[in-house]
Amino acid sequence: MDTYKINLLNKIFAISTFIMFYMLIGSIIIQAEGITGTCTGYDVNYRTGPDTVYGKVGQLQKSEKISIIGIKNNWYKFKTQNGYMYILKDFISTTNNAYVTGNNINVRAEANMNCEVIGELNSGRELKVLSQNQDWYKINFEGQAAWVFGEYIEVINKDFNSEVQNSNNKQTVAESNGTINADNVNLRKESNTTSSVITKLAKNTNISTISKSDGWYHIKANNNTGWVLSTYVTISPTTTSSTNNVIATTAKLDYVYVISQQGVNLREYPTIVSNKKLSLAFGAKLKVVKEVNSGWIQVQTNDGEEGYVSQEFVDEKLLDTSVPKENNIVNAESTKSTSSEATSIIEYSKKFLGTKYVWGGNSLTGGIDCSGFTKNIMSKFNINIPRTAKEQANSGSFVKRDELKSGDLVFFDTLKKGYITHVGIYIGNNKFIHASSSNNHSGVVITALSDYGNVYRTARRVLN
């Protein structure tokens, strides 16, 4: 072979190798839920953590896109096949600043639960938030200004202002007396849980009210003036108000049910910026403790845990239209071939049929529990999910029951506690594989999903 042909073959090999390498590198970035970010520089490093002290994993090139799911210390968080990575915000441009994490989220004409619903948003939808009013975000929806409740809105860049509170939500009351009904209650400068604390009030501290606003009282106490959550204020019986509404009323309902198929958060206080205490499952029955005028209800779970849920996601009855229909389960394989990854996961999981159930167990051959089983199976395929069923129920993306595909995680409230207590892997044809603790079929088994119909709560898709 002459020198010319040899050089030509070498060039072709070099070019082919470069193309394959570029394709491999380019496939590292996974497009997932989040807001789209575009790299504005060349050879921009991304790392395992939000600081230059963390290891460099790779680089982005100009115009390359990522899906941003969070921000920390001026670093954007995004997902790759190797896990979550961080890149400096300065090198990424964005158009939107938030995204939707739930399905069938109501869009309203005004920031009010009783206002007309003008549309819906579903998981993954990117948004441009224009401003904030308490727990509501103002967005541009189909060319008009509209409002969404913030429970299922993940804000990445808070590059907007909080609006002055709507005068309809702020009510002047005749000055009245009351007491603080808990210890170490924060008296805050403004009516939100992120506001600075002026002082802490002891139980039975005497107060006088000035006004009320979305679950908060503006009060005077011990020569200080500030805001406290209304649930910590007991007003004297003789108190009258300038309106027929009160912030916290005796419950008109005995129980409510969670009607959101993706569940709802039980929060410490009646505001979306408050800490999450639990993730309540679809269908959870909750005892009503107190109704709060700002669109929240104080409830108690079957375990006695108390907290607040938004009225948007609960109802006095479990609506028929919200119940997942067993006979609507679609065999995805009949309309679209199962992915090779899902097939591999199912075949691998079946190798461990018969492994005994051990609570807290982590051995696929020696003994394992339900969430240990799903975590170990997924880990084999480099899919990292948390250890417990409750935590796993927040992984990946929400899937409707009639849209299940092989490889999806399915979740149940087998103990009827109001939250997730069991998990398995859907394998198609109305069946799932799981580590069961049932006396009838203990261990790793395959069961008909319809057999668990009354306790089925939700599903999540974690496959790439």
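Every number in this text was worked out from the coordinates using simple rules, so none of it is lab data. These numbers come from a predicted model, not from an experiment. Positions of Cβ are generated from backbone atoms using ideal geometry, with glycine treated the same way; all protein chains shown enter the neighbour counts.
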- [ ] Give the residue from I118, T101, V129 lying farthest towards the positive end of the charge dipole for the range 98-162; charges sit on Cβ (+1 for Lys and Arg, -1 for Asp and Glu) and the dipole is referred to the Cα centre.
- [x] V129
TODO: Please list 439-449, 402-412 highest first by mean number of surrounding beta-carbon atoms within 10 Å per residue.
DONE: 402-412, 439-449
Task: Out-of-range pairs (alpha-carbon distance over 19 Å; input K287/K417; K350/K431; K62/K89; K77/K277; K390/K417; K290/K317) - done: K77/K277
Open item on the list: For D369, what residues show an amide H to amide H distance below 5 Å, using hydrogens built from the backbone and excluding near sequence neighbours?
Closed with: V358, G360, G361
Task: Whole-Hz ³J(HN,Hα) from phi, Karplus 6.51 cos²θ - 1.76 cosθ + 1.60, for the range 445-455, glycine and proline x - done: 9, 10, 10, 5, 4, 5, 5, 10, x, 6, 10
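Counting Lys and Arg as +1 and Asp and Glu as -1, each charge on the Cβ, what is the dipole of the range 251-303 about the Cα centre in debye, to the nearest 20?
20
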Open item on the list: Can you tell me how the range 326-461 classifies by the Cα gyration tensor, rounded, prolate or oblate, using a/c under 1.5 as the rounded cut?
Closed with: rounded
Task: Per-residue HN-Hα couplings for the range 274-287 [Karplus 6.51, -1.76, 1.60; θ = phi - 60°; Hz; x = Gly/Pro] - done: 6, 4, 7, 8, 8, 9, 8, 7, 3, x, 4, 8, 10, 7
TODO: Would you mind ranking E291, E268, E126 so that the residue whose beta carbon has the fewest other beta carbons within 10 Å leads the list?
DONE: E268, E126, E291
- [ ] Can you tell me the FRET efficiency between N112 and N222 if r is taken as the Cβ-Cβ distance and R0 is 45 Å, rounded to the nearest 0.05?
- [x] 0.85
- [ ] Going by C-beta contacts inside 10 Å, put L463, L286 in order with the fewest on the left.
- [x] L463, L286
Task: Taking the range 353-464 and dividing mean pair separation by its residue count, relative contact order in percent (alpha carbons under 8 Å, at least six apart) - done: 30
Task: Extension reserve of the K62-N177 stretch, reckoned as 0.36 nm per residue once the Cα distance is removed - done: 35.1 nm
